[in-house]
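One structure is given here, and the rest of the page talks about it.
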Amino acid sequence: MAHIPTALVATLALGLLAAPLAVEAQQPGKVYRLGVLTNKASDPAEARLWQAFRSGLRERGWIEGQNILIEFRAAEGNTARLPELAADLVRLKVDLIVARASIWVQPAKEATSSIPIVFLVHADPVGTGHVASLARPGGNITGLAVLMTDLAPKGLELLISAVPVAQRIAVLWNPDTPSHTPALKAMEEAGRTLRVQLQAVGARTTPELEGAFAAMARARAQAVLVLGDAIFFAERQRVAELAIKHRLPTMSNFKDAVEAGGLMSYSPNWDDLYRRGAIYVDKILKGAKPADLPVEQPTKFELVINLKTAKALGLTIPQSVLGRADQVIE
């Protein structure tokens, strides 16, 4: 099992199980309406994650078409549409909105201060101001956090261990993603400690990816850390192709990126987080207030390495790093 950062291991004393028991507020016979803000409905990896979420609902007695309806609204790669999609869910008077991460939470937050909002893989809910604290979120928003601000520096450390010659490392980020700003700040501090030069390269859309990698090559980057983002997740294969083209080893924070041809990932199990998101939905529909449900953090992290990609890059991963991997793709 990969080493787990101390800041991430710490479990909240006020965990979900310790939250105040909600009054059973369900109305017998009522069919609840759930709004979901997502990215690409056509993406098989995203469809798999939402199936995990649906499984979590079924495990708690929520059956689509019987006592719950799910209204999906997908941006299909155009995140500029999210405010309009969030407003549409509010007009439908949904009972709860599920928003995947920070870029989806923000438009939902702007659209309503009364409808409960549950996030599933938020990178930094405190740093973005979406919750007051992990233990007591306050307001109408809560959910599960992947804590990118803590995770990204750990990913940087692992990337340097795998590619010890790398002294200039690019960071692919999206300036429109709220959680990326605090993550970049944390990485700059980590970079100083690790004595590497970091180059932040932004990309907001798919067409900007090619230019971003060309900029990394011009700056003679020797590796790249990819921050978690809707665009980078949806375009994970393109990111992997561009990285190999420019001979750049990559570190991502989702396993699907490595399966698509990226070199490494260090992350929690996203399927498990989506499944556990149903716990929040269940509690809130039964009367719990989001303000009283602590944000849950992952405690298990997976290091995945793609040796096919390492070979394509002419890279030998040190045995000390391979020995820490939870999964090796050969």
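The values are calculated or read from the model by the stated rules, or taken from the named source; none is laboratory data. On a predicted model such as this, the values are computed, not experimentally measured, just so you know. Don't worry about glycine lacking a Cβ; one is built from the backbone with ideal geometry, like all the others, and counts go over all protein chains shown. Accessible surface is based on the protein model in full, side chains and every heavy atom, while ligands, DNA and RNA are left aside. Shrake-Rupley method; radii C 1.70, N 1.55, O 1.52, S 1.80 Å.
Tally Lys/Arg at +1 and Asp/Glu at -1 over every other residue whose Cβ is under 15 Å from the Cβ of ALA135; what's the total?
Once all neighbours under 15 Å are counted, the net charge is 0.
What does the charge count around THR309 come to, taking other residues whose C-beta lies under 13 Å from its C-beta (Lys +1, Arg +1, Asp -1, Glu -1)?
Computed value for this residue: +2.
Give me the one-decimal nm value for the distance between modelled label points at LEU307 and ALA80, 7 Å along each residue's Cα-to-Cβ direction.
About 4.6 nm, to one decimal.
How about LYS283: which lysines have a C-alpha closer than 26 Å to its C-alpha, ignoring those fewer than 8 places off in the same chain?
LYS30, LYS93, LYS109, LYS300
Measure out, as a whole number of angstrom, how far apart the alpha-carbon centroids of the range 112-160 and the range 211-284 sit.
Rounded to whole Å, the Cα centres lie 18 Å apart.
How big is D for the range 169-264, in µm² s⁻¹ as a whole number, if Stokes-Einstein is applied with the Kirkwood radius of its Cα pairs at 4 °C and 1.567 mPa s?
99 µm²/s
Regarding the range 33-123, what is the average projected area of its C-alpha convex hull, in nm²?
Computed as one quarter of the Cα hull surface, the answer is 5.8 nm².
Remind me, relative contact order of the chain in percent, using alpha carbon pairs under 8 angstrom and six or more residues apart?
Relative contact order, the chain: 24 percent.
Sorted by packing (mean other beta-carbon atoms within 10 Å per residue), highest first, where do 263-273, 160-170, 59-69, 103-113 land?
263-273, 103-113, 160-170, 59-69
For a Förster distance of 45 Å, can you work out the FRET efficiency between the beta-carbons of GLU189 and GLN319, rounded to the nearest 0.05?
Using R0 = 45 Å, I get an efficiency of 0.95.
Give me the lysines in straight-line cross-link reach of LYS40: C-alpha distance below 18 Å, same-chain residues under 8 apart excluded.
Partners within reach: LYS255.
Under 13 Å from the Cβ of LEU89, count the other residues' Cβ atoms, weight Lys and Arg +1, Asp and Glu -1, and hand me the total.
Neighbourhood net charge equals +1.
Quick one: give the max-minus-min coordinate of the C-alpha atoms of the range 192-326 along each principal axis, largest first, in Å.
Sorted from largest, the Cα extents of the range 192-326 read 55, 36, 31 Å.
Express the accessible area of the range 123-260 per residue in Å², computed with a 1.4 Å probe while the remaining protein chains stay in the model.
38 Å²
I'd like the antiparallel share, as a percent to the nearest 5, of DSSP beta bridges with both residues in the range 210-324.
So the antiparallel bridges in the range 210-324 amount to around 50 percent.
Would you mind telling me the antiparallel percentage of the DSSP bridges in the chain, rounded to 5?
10 percent
Which option, (1) 25.1; (2) 15.7; (3) 21.1, is the value of mean projected area of the Cα convex hull in nm² that was calculated from these coordinates?
Here the calculated entry is (2).
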